[in-house]
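**Student:** Below you'll find the structure I mean.
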Amino acid sequence: MHGHNSLFCSRGWRAEFYLRIARDLPELFPLAGVVARRPEVRDRLAREWNAPVFSTVEELLERTSPGFIVSSVPWAANLPLIESLNDSSRTDGGVPVLSETPIAPELDNLRKVAALVRAGARIQVAEQYIFQPLHAARLALIASGKLGPVREANVSAAHGYHGISLLRHYLQAGMALPKIRARRVTSRIVA
C-alpha cells in the first residue's frame, strides 16, 4: 500500500507498533489519522505521536482519503468495523483493511468475513508468527522438500489462533481441513 495515506484505528499497545512505523517511515506509510472515542486519549495521541486525531472513522473518512485502515480494536468491535468499511452501500467501494488478530473469534463471524472477501472486500489479517526468523527458517526447510511430506507437527511456541496458524503452515494445509488427533502427554516440566 506504498504511497497511500494510512488510517490507524483506535489505540493501545498494538496500535502503537503501527504508529512507530508511521513515525519512523513517513515516506512509506504517511499517517492519515488515528481514531479514538475519548477526548483524553485523542489529546494524548496528538501530543505523543504528533498525529491527526478523529473521534470516529466516518469523521476521518470525510476529511482524509486513506489508502487502507489498520483495525486495532477490541475483538467485539472488529467485525462491525470491517463490515461498515465494506458495506455495499458505500460510494467509495469499500476501504481495504489490515486487521489485527483475531479477525473474528467465532466461526459464524469468520464466515461473515469470508463472505465479505468473496464479495470483493480487501481484508488482510496481521498474523506475524510465520515471519519470525525461527519459524520462517522451519517453513523454508519444509518448502524445500528436504524433509519429505510433513504429516505431523507439534507447536508450543504460540497460543490459540497463532499456534493453529503455525500448524497449518507447517503441515502445508492451506485452507484444507487436516485430520486432527489429540493425545494426552504427561510431563513433569509442566507440573
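**Student:** With the structure loaded, tell me whether A46 is more than 26 Å from I103 (Cβ to Cβ) and in contact with a strand residue (DSSP E or B) (Cβ under 7 Å, 6 or more places away or on another chain) or whether it fails that test. If you could, list the steps in order and put the result at the bottom.
**Tutor:** On the way: more than 26 Å from I103 (Cβ to Cβ): yes; in contact with a strand residue (DSSP E or B) (Cβ under 7 Å, 6 or more places away or on another chain): yes.
Yes, satisfied.
**Student:** Within segment 113-131, count every residue that is open to solvent by 50 Å² or more (accessible area, probe 1.4 Å) and either closer than 18 Å to F17 by Cα or of a type in the set (F, W, Y) (or both).
**Tutor:** Total satisfying the criteria: 4.
**Student:** Among the residues of segment 85-105, how many are within 16 Å of R118 (Cα to Cα), among the hydroxyl-bearing types (S, T, Y) and at pLDDT 85 or above?
**Tutor:** Number satisfying all stated conditions: 0.
**Student:** Provide a single number: the residues in segment 168-191 that are open to solvent by 50 Å² or more (accessible area, probe 1.4 Å) and part of a helix (DSSP H, G or I).
**Tutor:** Selection size over segment 168-191: 2.
**Student:** I'd like to check something: does segment 11-30 contain any residue that is loosely packed, with under 14 Cβ neighbours inside 10 Å, touching a residue at least 12 places away in the same chain (Cβ under 8 Å) and of a type in the set (A, V, I, L, M)?
**Tutor:** Within segment 11-30, one or more residues are loosely packed, with under 14 Cβ neighbours inside 10 Å, touching a residue at least 12 places away in the same chain (Cβ under 8 Å) and of a type in the set (A, V, I, L, M).
**Student:** Here is a further query. If you scan segment 93-107, which residues turn out to be aliphatic (A, V, I, L, M) and open to solvent by less than 30 Å² (accessible area, probe 1.4 Å)?
**Tutor:** Going through segment 93-107, the residues aliphatic (A, V, I, L, M) turn out to be 95, 97-98, 103-104, 107.
If the condition is that a residue be aliphatic (A, V, I, L, M) and open to solvent by less than 30 Å² (accessible area, probe 1.4 Å), then V95, V97, I103, A104 are the ones that fit.
**Student:** Being surrounded by 13 or more Cβ atoms within 10 Å (Cβ to Cβ) and among the aliphatic types (A, V, I, L, M) is the filter; apply it to segment 55-76 and report the residue that is nearest to L19 (Cα to Cα).
**Tutor:** My answer is V70.
**Student:** Something else about it: (1) without any contact (Cβ under 8 Å) to a residue 12 or more places away in the chain; (2) open to solvent by 90 Å² or more (accessible area, probe 1.4 Å); (3) outside any helix (DSSP H, G or I): which one isn't true of S88, the others all being true?
**Tutor:** Result: S88 fails condition (1) only.
**Student:** Also, I was wondering about something else. Given the criterion in a loop (DSSP other than H, G, I, E, B), open to solvent by 70 Å² or more (accessible area, probe 1.4 Å) and among the aliphatic types (A, V, I, L, M), identify the matching residue among L147, L110.
**Tutor:** The match here is L147.
The values are calculated or read from the model by the stated rules, or taken from the named source; none is laboratory data. Just so you know, these numbers come straight off a predicted model, no measurement behind them. Backbone-built Cβ (ideal geometry, glycine too); neighbour counts: all protein chains shown. When the accessible area is computed, the model is the full protein with side chains, heavy atoms only, and any ligands, DNA or RNA have been set aside. Shrake-Rupley method; radii C 1.70, N 1.55, O 1.52, S 1.80 Å.
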